[in-house]
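The next block holds one structure in the form of structure tokens; read it before the comments.
Values in this text are rule-based calculations from the coordinates and carry no lab data. Predicted, not measured: the structure shown is a model, and the values here were computed from it. All Cβ positions, even for glycine, are placed from backbone atoms using ideal geometry, and neighbour counts span all protein chains on display.
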Amino acid sequence: MITNNGNGSEKGDVLLEMRGLRIEGQSDEQWHEIVHGVDVTLRRGEVLGLIGESGAGKSTIGIAAMGYARPGCRISGGTIKFDGMELTTADEGVKRKLRGSRIAYVAQSAAASFNPAHRLIDQYSETPIQHGIMSKSQAESEAKELFGRLKLPDPDTIGYRYPHQVSGGQLQRAMTAMAMSCKPDLIIFDEPTTALDVTTQIEVLAAMKKVVHEFNTAAIYITHDLAVVAQMSDRIMVLRYGDVVEEGSARQMISEPQQEYTRDLLEVRSYRKPEAEDTSGDRPLLEVSDVTAGYGNKVMILKDVGVTIHRQRTVSVVGESGSGKSTLARVITGLLPPVKGSTIYDGEEWPRSFKERSRDQLRRLQMIYQMPDVALNPKQKIREIIGRPLSFYLGITGSAREQRLKELLEMIELPHSFADRLPSELSGGQKQRICIARALAAEPELIICDEVTSALDQLVAEEILKLLQRLQDTLHVSYLFITHDLATVRAISDEVVVMLQGRVVEQGRTREIFKPPHHEYTDLLLSSVPEMDPDWLDNLLAERQARIARGEKLAQTADN
Amino acid sequence: MVEFWKLLKSAPFTAKLGLLIIVINIFVGVLAPVISPYGETEIVGAEYEPPSEQFWLGTDNLGRDMFTRMNYGARNTIGIAFITTALAFFIGSVMGLMASTLGGWVDQLLSRIVDVILSIPTLIFALLLLTIVGTTIPGVIGVIAILYSAPVFRLARAVSMNVVVLDFVEVARLRGEGLWWIIIREVLPNSMPPLVAEFGLRFCFVFLLISALSFLGLGIQPPTADWGSMVRDNATLITYGEFTPLLPAAAIAVLTVGVNFVVDWFLYKTSGLRDDH
């Protein structure tokens, strides 16, 4: 089972051993097995990556390493041995002593895991004091030292801030510090960087990797991103539907995956759109110019932003969170009337607010949202969701509407029988397809896609991107793609607009943007996208160090 | 139908008991003229007769049969309380959903009016308004419905606030849908479970308030049989250690408890609240 060939094999003795782990989850008052007999072995100082799509059971297994099951779940079989101690049969008191002091947990959303009413350093000190390991002053001085090691700015004072006073990336590092506070033997990282921007992710990954190595802590790193896990782990375990698909050292897994599924995961970012001919001479479909907009009258989120989209083209807007890319979408749709600037659609200036736009204008511009879960009314059947734009805009009713509904479902590759389902009966990818069909039902010329794939698993996201591309080829629609994911940009767009702090820093055809020389911020953004190479993070950090040493100035991220 | 029986079977004992109480009350109320031995306002015996074979529960202060009056009381009190609650919910939900969907000054205006209504103790406000509009049955229904639409407004507004910010409502707005379509098709269906549960609870409050007003003499007027005024009419008997006036009081209490049992079960079912969370 233990296939420790390659890097990181010379680790200590076995710390955690799970054998034949079975976990059941409850739904509709019945128990279903969600983890089917998984074996996990972890040695001291070793980092194990658990990777898989949602529903693979990776978080459930990670949490089980603490001898714990989430509400609605139960450990139904197998053994969990932590440092010789059997956790499945241990009583709550024993396990409570272990948690925090010897096993720590870092959650995906640091913002939701911190108590907003207490200072960071007080929350840091709570666990060691509770477990009687340190006094308050000892804990505080240790905290400052650890904040420094995690490269938090002003380590001596940052701890006295409240969680809302630091950025997301800093909070995630503070959370890591908190997990480290008792010098645990094992840390479980549950998707710690998923909610962060790529540029911020790098700093958090680097900080986590550093402390885990320095304290020789064993870790379980849970993520859906193979490129990220390759940076962090010595060994990777690929999970699917509660079973182990493949296990091996990180290097081996990246260079020679054995299973079809692992290969699919590796190739997920390889899709490229064929390059379209230059159409810049034609009249643009949408021309947004000199837009300045903000909420309230004081702070402007967008400053003199201009974007041009041609027919049957895909323009991507990229940037970190807070760069104003979603605000741009709200301005174009008319949800946020701009203070200054104009929206010209097909040669005609449109009113700033959607309330003043005609029904036909509204029809010609549709939007697809990030979260298909909340973009579909849970109480309406698919027939009603897709059928409404048909009757509302185009006046199609009765059997003609049913016929059109069938065609639309065919376009998004779903059977006609789905018309009678509720959104809750569909998977995430299927829901997003329904959203696409709803937008297409209005027969628009332009569709704004706001982070449409970021809530989906990678393989599903790839399918959605390919679907959108096929639809563009047959229906000649244009897309405005808003995303923070550069892999998506590279896959689907003809042109790219890079935004930073409400301004456009660079725009042009995709091929040119991705080719050096770049604007320094584009460079930072591009170089921060994790690659499928276990040495990528180390090399990148070394290169950035060297550049700083040479006295070059690096672009600042919004986070620090 | 099959699903309904399945659901009923899985219900806890308290919910079954509550449902049984409600069903019996509705049954008695609807069939009052059939199952009662005498007429609603008919004087059939001497005053304050003890229970006997002729008068199962004795007679009241005017010599009317208590059992008959209890049956008609169920019909009147529950019927009026139900109509009142329904009206309060209609007014409160429509206003609440409008406030949250439209926002801005509509929301401000409606919310401040509701604040004013809520700042005056309900019973005192009800007494005041009833002296103005008069103590007719439509008057009682109207006054209580308006007073109780205020907390319903609050709830409907709070619940739908969480719904109107969701993307599917934005989709409908961007599609160009009108206000009513958005309220009735998008917002209301997703705000229903808490409102339905609140309906049960509010029904109890309305029911108790009507009884209290009747007890004070400003609610349902004699000779109409009603549990609240029946308690008052026979209140003197309490001094003599008789249980007759306690019967309508007990009926009020039992129905309130029964409705609450069912509401608890419904809330548990719909809100996803589980004991282990």
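Working from Cα positions, state the angle (0 to 90°, nearest 10) between the long axis of helix A:536-549 and the longest principal axis of chain A.
90 degrees
Could you line up A:353, A:528 from fewest to most neighbouring Cβ atoms inside 10 Å? Could you put the intermediate results ahead of the total?
Values: A:353 12, A:528 18.
Neighbour counts put them in this order, fewest first: A:353, A:528.
Rg(Cα) of the protein assembly as shown divided by 2.2 N^0.38 Å? Don't jump to the answer; show the numbers that get you there.
Details: Rg = 33.4 Å, N = 837, 2.2 N^0.38 = 28.4 Å.
My calculation over the Cα atoms of the protein assembly as shown gives 1.18.
If I model a spin label at residue B:246 and residue A:210 as a point 7 Å from the Cα along the Cα→Cβ vector, what separation in nanometres do I get?
Reported label-point gap for residue B:246 and residue A:210 is 7.7 nm.
Mind checking the mean number of beta-carbon atoms from other chains within 10 Å of the Cβ atoms in B:162-171?
Numbers: counts 0, 2, 0, 1, 8, 13, 14, 3, 7, 14.
The per-residue average across the peptide is 6.
So if R0 is 41 Å, what FRET efficiency would residue B:165 and residue B:20 give, r being the distance between their Cβ atoms, rounded to the nearest 0.05?
Values: r = 41 Å, r/R0 = 1.01.
Computed FRET efficiency for residue B:165 and residue B:20: 0.50.
For residue A:272 and residue A:311, compute 0.36 nm times the residue count separating them, minus their Cα-Cα distance, and round to one decimal in nm.
Values: separation 39, 0.36 × 39 = 14.04 nm, distance 1.96 nm.
Once the chain is fully extended between residue A:272 and residue A:311, it gains 12.1 nm.
Out of the chymotrypsin sites (Phe, Trp or Tyr not before Pro) in the stretch A:401-481, which ones are loop residues according to DSSP with at most 14 other C-beta atoms within 10 Å? Could the numbers behind the result be given before it?
Values: sites: A:418, A:479, A:481; in loops: none.
The qualifying sites: there are none.
What is the distance in Å between the Cα centres of the stretch A:144-165 and the stretch B:244-267?
Here the two parts' Cα centres lie 58 Å apart.
Counting other Cβ atoms within 10 Å, keep those with at most 14, restrict to DSSP loop, and tell me which chymotrypsin sites (Phe, Trp or Tyr not before Pro) in the stretch A:212-306 are left. Don't jump to the answer; show the numbers that get you there.
Working: sites: A:215, A:221, A:241, A:261, A:271, A:295; in loops: A:215, A:241, A:271, A:295.
For chymotrypsin sites (Phe, Trp or Tyr not before Pro) across the stretch A:212-306 that sit outside H, G, I, E and B with at most 14 neighbouring Cβ atoms in 10 Å, the list reads A:241, A:295.
Under the rule of at least 5 residues apart or a separate chain, name every residue whose amide H is placed under 5 Å from the amide H of residue A:448.
Here A:366, A:367, A:368, A:480 satisfy the definition.
Say R0 is 45 Å: what FRET efficiency, to the nearest 0.05, do residue B:208 and residue A:427 get from their beta-carbon distance? Write out the running numbers ahead of the final one.
Values: r = 48 Å, r/R0 = 1.07.
For residue B:208 and residue A:427, the calculated efficiency is 0.40.
Based on the alpha carbons, how large is the Rg to Rh ratio for the stretch A:14-266 when Rh follows Kirkwood? Intermediate results must be reported in sequence, preceding the final value.
Details: Rg = 18.0 Å, Rh = 18.6 Å.
That ratio equals 0.97.
I'd like the orientation of helix A:120-130 relative to chain A: the angle between its Cα long axis and the longest Cα principal axis, in ° from 0 to 90, rounded to 10.
30 degrees
So if we plug the beta-carbon distance of residue B:133 and residue B:268 into 1/(1 + (r/R0)^6) with R0 = 51 Å, what FRET efficiency do we get, rounded to 0.05? Intermediate values should be presented prior to the final figure.
Details: r = 40 Å, r/R0 = 0.78.
The value I calculate is 0.80.
Give me a single rounded figure for A:371-381: the average over its residues of other chain Cβ atoms within 10 Å of their Cβ. Let's see the in-between values first.
Numbers: counts 2, 2, 3, 8, 6, 4, 12, 4, 7, 5, 0.
The mean count of partner-chain Cβ atoms within 10 Å per residue comes to 5.
List the pairs from A:355/A:379; A:431/B:9; A:97/A:144; A:58/A:210; A:144/A:209; A:58/A:81 whose alpha-carbon separation is above 30 Å, in the order I gave them.
Values: A:355/A:379 26 Å; A:431/B:9 34 Å; A:97/A:144 25 Å; A:58/A:210 24 Å; A:144/A:209 18 Å; A:58/A:81 18 Å.
With Cα atoms farther than 30 Å apart: A:431/B:9.
Which trypsin sites (Lys or Arg not before Pro) in the stretch A:282-340 sit in a loop by DSSP (not H, G, I, E or B) and have at most 10 other Cβ atoms within 10 Å of their own Cβ? Don't skip to the answer; put the middle values down first.
Numbers: sites: A:298, A:303, A:311, A:313, A:325, A:330, A:340; in loops: A:298, A:311, A:313.
Filter output for the stretch A:282-340: A:298.
Can you grab the distance from the C-alpha centre of the stretch A:33-63 to the C-alpha centre of the stretch A:406-481, Å, no decimals?
32 Å
Can you compute 3J(HN,Hα) from phi for each residue in the stretch B:155-165, using the Karplus curve 6.51 cos²θ - 1.76 cosθ + 1.60 with θ = phi - 60°, rounded to whole Hz and x for Gly and Pro?
5, 4, 5, 5, 5, 6, 3, 6, 8, 5, 7
In whole Å, what three semi-axes, largest first, describe the equivalent ellipsoid of the stretch A:257-379 built from its Cα gyration tensor (square root of 5 times each eigenvalue)?
Details: eigenvalues 194, 82, 56 Å².
They are 31, 20, 17 Å, listed from largest to smallest.
Give the peptides B:204-212, A:358-366, B:183-191 in descending order of average Cβ contacts within 10 Å, highest first.
Numbers: B:204-212: 21.4, A:358-366: 18.1, B:183-191: 19.7.
In decreasing order of mean packing, B:204-212, A:358-366, B:183-191 become B:204-212, B:183-191, A:358-366.
Which of B:243, B:199, B:266 ends up with the largest GNM mean-square fluctuation for chain B, with Cα atoms connected below 10 Å?
Sorting by GNM fluctuation, first place goes to B:243.
Compute the projected area of the convex hull of the Cα atoms of chain B, averaged over all viewing directions, and report it in nm² to one decimal place. Show your work: numbers first, answer last.
On the way: hull surface 74.7 nm².
Result: 18.7 nm².
With 10 angstrom as the radius, rank A:478, A:391 by how many other C-beta atoms surround their C-beta, starting from the fewest. Numbers along the way, then the final one.
On the way: A:478 22, A:391 16.
Result, fewest neighbours first: A:391, A:478.
So what is the calculated 222 nm ellipticity per residue for chain B, using -39500 (n - 2.57) for each DSSP H run with n of 4 or more, over all residues, to the nearest 500 deg cm²/dmol? Kindly include the intermediate steps, with their values, before the conclusion.
Details: 12 runs with 186 residues, N = 277.
Using -39500 (n - 2.57) per qualifying helix, the result is -22000 deg cm²/dmol.
Treat the count of other C-beta atoms within 10 Å as a stand-in for reagent exposure and order A:538, A:225 from fewest to most.
Values: A:538 13, A:225 18.
With the sparsest Cβ surroundings first, the list reads A:538, A:225.
Across peptide A:139-145, how many C-beta atoms of other chains are within 10 Å of each residue C-beta, on average? Walk me through the numbers on the way to the answer.
Numbers: counts 0, 0, 0, 0, 0, 0, 0.
The mean count of partner-chain Cβ atoms within 10 Å per residue comes to 0.
Would you compute, from DSSP H runs of 4+ residues alone, the mean residue ellipticity of chain A at 222 nm, taking -39500 (n - 2.57) per run and dividing by the full residue count, rounded to the nearest 500? Working shown, then result.
Values: 21 runs with 205 residues, N = 560.
That calculation yields -10500 deg cm²/dmol at 222 nm.
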